[in-house]
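Every number in this text was worked out from the coordinates using simple rules, so none of it is lab data. The shown structure was predicted, so the numbers you read here are calculated from the model rather than taken from an experiment. Note that each Cβ is placed from the backbone with ideal geometry, even for glycine, and that neighbours are counted across all protein chains shown.
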Amino acid sequence: MLLRIDPAINADLLYVLRSMGHGDELVVCDTNFPAASVARQTVYGQLLRMENVTAARAIRAVLSLMPLDSFVEHAVERMEVVGNPADLPPVQQEVQAEIDEAARRDAGRDTWPMGSIERFAFYARAKKAYAVLVTGERRFYGCFILKKGVIPPE
């Protein structure tokens, strides 16, 4: 156990978050996502696991350590609902609330809307990510891509 590090974050995830650089992407996905096969194609090449928490809880933990990229329009993108790309199911609303909390705390913004990616485009993009983190989220469309930002000098 370490001070001020969210207890949901394990050693492997901590290593990856520290290893990532500005602009690198982390996929946070639900249990239905083809996480193991996609993870093998990422920079890290191994699947990260946080299977005892929801997508929103995992993202809260990640954002407690990782800044989002303020140089892009959408630092977080979600998988679109097939047939209804504008729909925001409850799992995505919960994640948006965690992003907004991080935006208020770290970026001086009230909100930071997610972008959206069509399902098959999401799979293709995920293969180019730094790493994939699978959660215990069982609701559909609990899949997100987070782009790492920078920590400014003091």
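By how many nm would the segment from residue 53 to residue 107 lengthen if fully extended, with 0.36 nm per residue of separation less the alpha-carbon distance? Can you show the working numbers first?
Details: separation 54, 0.36 × 54 = 19.44 nm, distance 2.55 nm.
Extra length available between residue 53 and residue 107 comes to 16.9 nm.
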Among beta bridges assigned by DSSP with both residues in the chain, the antiparallel ones amount in percent, to the nearest 5, to 40 percent
Residue-wise HN-Hα coupling along segment 72-89, computed from phi with Karplus coefficients 6.51, -1.76, 1.60 (Hz; x: Gly, Pro):
10, 5, 10, 6, 10, 10, 10, 6, 5, 6, 4, x, 8, x, 7, 5, 10, x
Take the Cα pairs of segment 47-102, get the Kirkwood Rh, then feed it into Stokes-Einstein at 20 °C and 1.002 mPa s and tell me D in µm²/s.
171 µm²/s
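If the chain were replaced by its equivalent ellipsoid, with semi-axes equal to the square roots of 5 times the Cα gyration tensor eigenvalues, what would those be, largest first, whole Å?
Values: eigenvalues 87, 69, 46 Å².
Largest first, the chain gives 21, 19, 15 Å.
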Placing +1 at every Lys and Arg Cβ and -1 at every Asp and Glu Cβ, with all other atoms neutral, what dipole size does the chain have around its Cα centre, in debye to the nearest 20?
400 debye
What number, rounded to the nearest 500 deg cm²/dmol, is the helix-based mean residue ellipticity at 222 nm of the chain, given -39500 (n - 2.57) per DSSP H run of at least four residues and division by all its residues?
-8000 deg cm²/dmol
